[in-house]
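The values are calculated or read from the model by the stated rules, or taken from the named source; none is laboratory data. All of these numbers come straight from a predicted model, not from anything done at the bench. Methodologically, a virtual Cβ is constructed for each residue, glycine included, from the backbone with ideal geometry; neighbour enumeration extends over all protein chains shown.
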Amino acid sequence: MVVSLDTVISLCKRRGIIFQSSEIYGGMAACYDYGPLGAEIKRNVRNAWWRAMTQERDDVDGIECSILMNPEVWRTSGHVENFTDPLVDCKSCRARFRADHLDGYRARYKVTGVVEGSGEGQYEVELGPAIPGKVILAGHKVDDRMFERVDKIEYTGSPLACPTCGNKALTEPRLFNLLFRTHVGPIEDAASTVFLRPETAQGMFVNFENCRGTMRRKLPFGLAQIGRSFRNEITTKAFVFRTLEFEQMEMEYFCKPGTDEEHYRHWVAERYNWYIRYGIKRENLRLRQHDADELAHYSRMCHDVEYNFPMGWGELEGIAHRGDYDLTKHMEATHKDLQYFDPETNTKYTPYVIEPAAGVDRTVMCFLIDAYDEETVLDRQRVVLRLHPALAPIKVAVLPLLKKRPEIVEICHKLTGDLMRHWKAVYDDTAAIGKLYRRQDEVGTPFCVTVDVESLEDGKATVRERDQMTQERVELDRMEEYLVEKVVMVPPKVEEPVAI
Ligand SMILES: [Zn+2]
C-alpha cells in the first residue's frame with residue numbers, strides 16, 4: 001500500500017515511537033525524541049547493523065569515538081573551510097533557503113570595475129546560486145568580454161519571488177558553514193572553539209594506526225562506528241529524514257590499492273542486501289550511481305542505496321570510494337606515518353578506503369514506512385506494522401483473557417518473566433482481547449500469547465501470529481522454547497547479486 005508521511009508521523013506520535021523534541025515548550029524545529037517504543041526500534045536497528053558489520057565477519061572492528069575532537073581534525077578534513085551551503089534569506093517573511101535548492105534562483109549585481117575594451121564603469125551581472133565574491137573576479141565574462149579588474153560588487157535583487165510569501169525580497173547567497181561550534185572552558189574565543197563532529201568517519205581515520213597496531217590487523221580490514229553527528233542545516237525536512245542532530249552508522253574499509261574496486265562492489269551489494277534481509281521490499285529499494293559532478297571532491301565513486309519515501313526517492317546510505325584522500329591529509333597535517341607496511345610484498349603504501357555510511361534515523365523511518373499496512377479483517381480495520389521480528393520493539397505480548405481470575409494472571413506473569421530473559425516481552429490486561437491484539441499489531445509485536453480458562457485445564461495457551469493472525473495452541477511448559485525459536489532475531493543473509 002502507499003503510505004503518506006502524515007500517516008506514519010501520526011502512528012509514531014500516537015504510539016510513543018517518535019515525538020517532536022521539547023514538545024511542551026512548543027517544540028524545537030528539526031529535532032525529535034524517540035519515545036519508549038521508538039527507542040527500542042532504534043536500538044534494534046543499530047544492533048542489526050553492528051551485528052552485520054562487526055560480529056558476522058572477522059575483518060571489521062567496532063569503535064566509539066568522542067563527539068568533540070581536536071579542532072585541527074576538521075581543518076584537515078576540509079570541513080572548517082568547505083562544509084558550506086549557499087544561504088538565501090527572504091527579507092519580507094524571514095524564510096531561509098539553500099540557494100541551490102531554489103528552483104530558478106538568479107541574482108543581479110552592479111559591478112564596478114574594468115572590462116577589456118570597455119574600460120572602467122558599472123556593469124550588470126546576473127548569477128545563479130553561486131557566491132558573487134567567488135565568481136565575479138578578474139577573468140569573469142560580461143557580454144563575452146572579461147573583467148580585467150573588479151572593484152565593487154553590489155547586489156541589486158533577484159527576479160525570483162520568495163516561494164513562501166511571494167514577495168521579491170530574496171537576498172544574495174551567502175556562505176553558511178554547517179559546523180556547530182561550541183567552546184571548551186570559560187572563555188569564548190577562537191582559541192577555545194571546538195566543533196560538534198559533522199560525521200563519525202574522521203574518528204576511524206585518526207584511529208587507523210592505533211587500531212591496526214593493537215588488533216594486529218593486516219589489510220584489508222574495517223573500522224565501524226555508530227554515533228551522533230551534528231549539522232547546522234538550513235533546510236531540514238520530512239520528519240527525521242534530515243535533522244540537525246542525527247545518528248550515523250559508518251564503516252571505513254582499508255584496502256590495498258588495486259583491490260579497491262572489488263571491495264567497492266562487495267560493499268555496495270552487501271549494504272543493499274542488508275535492507276532486504278531485514279524486510280525492506282525490493283521494489284522500494286534502488287541503487288543509484290553518483291554522476292561525476294555530484295561526487296565529493298575526495299570521492300572516486302559513490303553509489304547511494306535509495307528508498308522510495310512518500311516524498312520521493314531519497315538516500316538511505318552512501319557507499320563511497322574515498323581513495324587515500326583522508327589518510328594522506330592526516331599524514332600531511334600531523335607528520336605521522338599512516339602508511340601500511342605490507343609484509344607480503346615488503347612495500348609501504350597508503351591504503352584506499354571504501355566507506356558505507358548510513359543514518360540510523362533515516363533507516364528507522366524507512367523500516368516504519370515499509371512495514372506500515374492497513375487491512376480490513378472481518379469488517380474491522382486494523383493497522384499492522386509488519387516489522388521484521390528482530391526490529392520489532394516488543395517481541396511477545398502476554399494477555400489474560402480474564403484478568404479477574406488470579407490463576408490466569410499468575411500464569412501470565414510467570415510466562416512474561418520467563419520470556420523477558422530473551423528479549424522485550426510485556427504483560428497487558430488494560431482492555432478487551434480484541435483491542436489488545438490491535439494495539440500490538442500497530443506496533444509490530446510478532447506474537448501474542450493468550451491465557452484463558454481452558455489453559456487451567458489443558459496447560460496450553462493460544463499463540464497468535466501478527467501477519468496472518470493464525471492461532472495455535474501450545475503447551476505452556478514448552479512456550480518459552482517455542483517462542484524463542486519463532487522470534488527470528490538473526491535473519492539469514494541475502495546474497496543477491498547487485499549489478500553496478
Ligand atoms: Zn518570503
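Results, tabulated for the structure shown:
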read-out: Selected residue (only one of Arg473, Arg464 is under 27 Å from Lys42 (Cβ atoms) and touching a strand residue (DSSP E or B) at 6+ places or on another chain (Cβ under 7 Å)); value: Arg464
read-out: Selection count where residues are in a loop (DSSP other than H, G, I, E, B) and either crowded, with 21+ Cβ neighbours inside 10 Å or touching a helix residue (DSSP H, G or I) at 6+ places or on another chain (Cβ under 7 Å) (or both), scope region 185-197; value: 2
read-out: Qualifying residues in region 167-179 (those that are within 16 Å of the ligand (Cβ to nearest atom) and in a loop (DSSP other than H, G, I, E, B)) - the one surrounded by the most Cβ atoms within 10 Å (Cβ to Cβ); value: Pro173
read-out: Residue tally, condition under 22 Å from Gly35 (Cβ atoms) and of a type outside the set (D, E, K, R), over region 400-426; value: 5
read-out: Residue count, region 59-115 (criterion: of a type in the set (Asp, Glu), out of contact with any strand residue (DSSP E or B) (no Cβ under 9 Å at 6 or more places or on another chain) and more than 29 Å from Arg145 (Cα to Cα)); value: 1
read-out: Among the residues listed as Asp144, Asp189, the single one being at pLDDT below 90, more than 16 Å from the ligand (Cβ to nearest atom) and over 17 Å from Val111 (Cβ atoms); value: Asp189
read-out: Residue that is modelled with the lowest pLDDT [pool: residues in region 198-238 that are among the polar types (S, T, N, Q) and not in a helix (DSSP H, G or I)]; value: Thr236
read-out: Residue within region 458-480 that is under 21 Å from Arg386 (Cβ atoms), part of a helix (DSSP H, G or I) and either touching a Ser or Thr at 6+ places or on another chain (Cβ under 6 Å) or not charged (D, E, K, R) (or both) present; value: no
read-out: Leading residue by the ranking (surrounded by the fewest Cβ atoms within 10 Å (Cβ to Cβ)) among those in region 391-409 that are outside any strand (DSSP E or B) and touching a Lys or Arg at 6+ places or on another chain (Cβ under 9 Å); value: Val409
read-out: Matching residues in region 64-111 - criterion: being assigned to a loop (DSSP other than H, G, I, E, B) and either within 16 Å of the ligand (Cβ to nearest atom) or in contact with a Cys (Cβ under 9 Å, 6 or more places away or on another chain) (or both); value: Lys91, Ser92, Cys93, Arg94, Ala95, Leu102, Asp103, Gly104, Tyr105
read-out: Tally of residues being crowded, with 18+ Cβ neighbours inside 10 Å and either out of contact with any strand residue (DSSP E or B) (no Cβ under 9 Å at 6 or more places or on another chain) or at positive phi (or both) across region 424-461; value: 1
read-out: Test set (1) surrounded by fewer than 19 Cβ atoms within 10 Å (Cβ to Cβ); (2) more than 16 Å from the ligand (Cβ to nearest atom) - Phe205 fails condition number; value: (1)
read-out: Counted residues, region 335-345 - those being closer than 17 Å to Arg75 by Cβ and free of Cβ contacts under 8 Å to residues at least 12 places away in the same chain; value: 1
read-out: Residue in region 261-271 that is more than 22 Å from Trp50 (Cα to Cα) and either free of Cβ contacts under 8 Å to residues at least 12 places away in the same chain or part of a helix (DSSP H, G or I) (or both) present; value: yes
read-out: Candidates Thr156, Thr164, Thr182, filtered to the one that is part of a loop (DSSP other than H, G, I, E, B) and either within 16 Å of the ligand (Cβ to nearest atom) or of a type in the set (Ser, Thr, Tyr) (or both); value: Thr164
